Ligand code: AHG
Ligand code: MN
Ligand code: MN
Ligand code: MN
């Protein structure tokens with residue numbers, strides 16, 4: 001197996017990426033470079049988040065994005081930083097971002113990769129100093145190099161991801177990602193400007209006693225979802241909901257638990273976006289031994305029809321996701 005020599009905690013991200021690349025004799029280093037480009041943007045965005053109260057980048061930007069949401073200044077800043085890092089890195093031909101309606105062509109027509117990104121997740125928490133994040137998903141383009149990326153390059157099922165990860169800007173800043181051989185977590189040391197391996201080979205508990213859902217929407221939930229939430233209460237599980245998907249997901253990944261954003265009467269397909277929220281976290285949770293479904297089927301097998309489409313989202317410990325699916329199956 002690739003991890004014959006598990007790397008010691010404390011290894012830098014750069015060394016880790018280089019070591020992993022040696023395991024792939026045919027790797028030409030482009031994906032490694034792409035991951036370094038993402039880590040660079042994360043360091044820059046981290047610094048801007050940490051000082052957002054001091055310089056005038058808090059608050060709303062005064063625009064609405066394609067989601068109909070009021071863009072926050074940091075939404076826009078993070079978007080610019082990640083697009084610039086990926087453009088300058090040269091490996092990515094096309095980007096799908098939550099903050100841009102159309103695909104973004106980077107000009108790197110020889111780039112072999114497409115990236116879907118949520119540059120800043122949990123925007124409602126930015127100005128109140130609660131953890132927020134970045135979520136990204138990487139595909140190999142299917143169209144020939146030499147031209148712009150196409151919609152087909154972007155609208156691939158989650159099973160085709162070559163990498164996925166997130167940054168959580170929390171009490172410490174971490175980068176957690178997978179390239180299909182397990183999940184590893186790196187903690188940022190700002191005084192050195194380096195990410196260090198702190199959570200090697202993350203595996204998620206098969207079950208857990210935390211459930212995360214916005215119960216303010218309960219009147220809109222289907223019967224099966226309400227029944228499952230009642231079940232969690234009968235089991236005396238803990239309710240934990242931060243309102244930042246990355247923060248809720250990261251806690252449940254490490255401790256065990258389930259995060260749910262179901263369809264509601266108002267939002268027929270839920271709120272979360274398949275391309276740059278659900279597929280990315282689904283790849284990670286499956287690599288960590290967990291499960292991700294839309295209530296009926298595996299998230300990573302959903303065929304995207306449009307760049308910003310939403311899907312109901314149930315993700316976390318396998319036994320809890322399966323229990324939720326059982327309750328929902330009864331409603332049909
Ligand atoms: P984003 O800030 O990238 O638009 O995502 C917000 C998402 C997710 O982070 C969070 O879990 C969810 O919205 C919270 O939604 P509610 O406020 O409806 O609970
Ligand atoms: Mn948003
Ligand atoms: Mn988001
Ligand atoms: Mn966002």
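Quick note: the coordinates plus some simple rules give every number you see, no bench work behind them. Keep in mind that what you see is a predicted model, and the values were worked out from it rather than measured. For neighbour counting, all protein chains shown are included, and Cβ atoms are generated from backbone atoms with ideal geometry for every residue, glycine included.
Using only the alpha-carbon atoms, what does the range 185-321 span along each of its principal axes? Please give whole angstrom values in decreasing order.
50, 40, 25
With the calculation restricted to Cα positions, what are the radius of gyration and Dmax of the range 213-262 in angstrom?
So, for the range 213-262, Rg and Dmax equal 11.0, 30 Å respectively.
With the Cα gyration tensor of the range 1-146 giving a ≥ b ≥ c as the square roots of its eigenvalues, does the rule (a/c under 1.5 for rounded; else a/b larger than b/c for prolate; else oblate) give rounded, prolate or oblate?
Oblate, since a/c reaches 1.5 and b/c is not below a/b.
How would you classify the chain from its alpha-carbon gyration tensor, with a ≥ b ≥ c the square roots of the eigenvalues: rounded for a/c under 1.5, else prolate if a/b is greater than b/c, otherwise oblate?
Since a/c stays below 1.5, the shape of the chain is classed as rounded.
Suppose only helical runs count, i.e. DSSP H with n ≥ 4. What mean residue ellipticity at 222 nm does that imply for the chain under -39500 (n - 2.57) per run, divided by all residues and rounded to the nearest 500 deg cm²/dmol?
Result for the chain, helices only: -9000 deg cm²/dmol.
So what's the gap between the Cα centers of the range 9-33 and the range 121-199, to the nearest angstrom?
16
Please provide three numbers in whole Å: the alpha-carbon extents of the range 293-332 along the principal axes, with the largest listed first.
Result for the range 293-332: principal-axis Cα extents of 30, 24, 13 Å.
Compute the orientation-averaged projected area for the range 11-59 from the convex hull of its Cα atoms and round it to one decimal in nm².
One quarter of the hull surface, i.e. the mean projection, equals 4.3 nm².
Need one number: % antiparallel among DSSP beta bridges in the range 1-117, to the nearest 5.
Antiparallel: roughly 45 percent of the beta bridges in the range 1-117.
So for the range 91-206: antiparallel DSSP bridges make up what percent, rounded to the nearest 5?
85
Which peptide among 246-259, 36-49 comes first, and what is the full order, when sorted by highest mean count of other Cβ atoms within 10 Å?
246-259, 36-49
Can you give me the three principal axis dimensions of the range 141-238 from its C-alpha atoms, in Å, biggest first?
Principal-axis extents of the range 141-238 (Cα, largest first): 56, 41, 25 Å.
Roughly what angle does helix 73-89 make with the longest principal axis of the chain, taking Cα atoms, 0 to 90 degrees, to the nearest 10?
Value to nearest ten degrees: 40.
Stick to the Cα atoms of the range 65-175, pair each with every other, and give me the Kirkwood hydrodynamic radius in Å at one decimal.
After inverting the pairwise mean of 1/r, the radius is 14.5 Å.
In which sequence would 61, 169 go, from the one with the fewest C-beta neighbours within 10 Å to the one with the most?
61, 169
Looking at the range 162-202 from every direction and averaging, what is the projected area of its Cα convex hull in nm²?
Averaged projected hull area, Cα only: 2.9 nm².
What fraction of the DSSP beta bridges in the chain is antiparallel, stated in percent and rounded to the nearest 5?
Around 85 percent of the beta bridges assigned by DSSP in the chain are antiparallel ones.
Describe numerically, in nm with one decimal, the distance between label points set 7 Å from Cα along Cα→Cβ at residue 18 and at residue 217.
In this crude spin-label approximation the distance works out to 4.5 nm.
Cα axis of helix 223-234 to longest principal axis of the chain: angle in degrees, 0 to 90, nearest 10?
On a 0 to 90 degree scale, this one is about 90.
May I ask you to derive the relative contact order of the chain, considering only C-alpha pairs under 8 Å and at least 6 residues apart, and to give it as an integer percent?
15
Using a Gaussian network for the chain with springs between C-alpha atoms less than 10 Å apart, which of these wobbles most: 141, 15, 310?
Taking springs between Cα atoms under 10 Å, the residue moving most is 15.
Is the range 247-332 rounded, prolate or oblate when judged by the Cα gyration tensor, a ≥ b ≥ c being the square roots of its eigenvalues, rounded requiring a/c under 1.5 and prolate requiring a/b larger than b/c?
Cα axes put the range 247-332 in the oblate bin.
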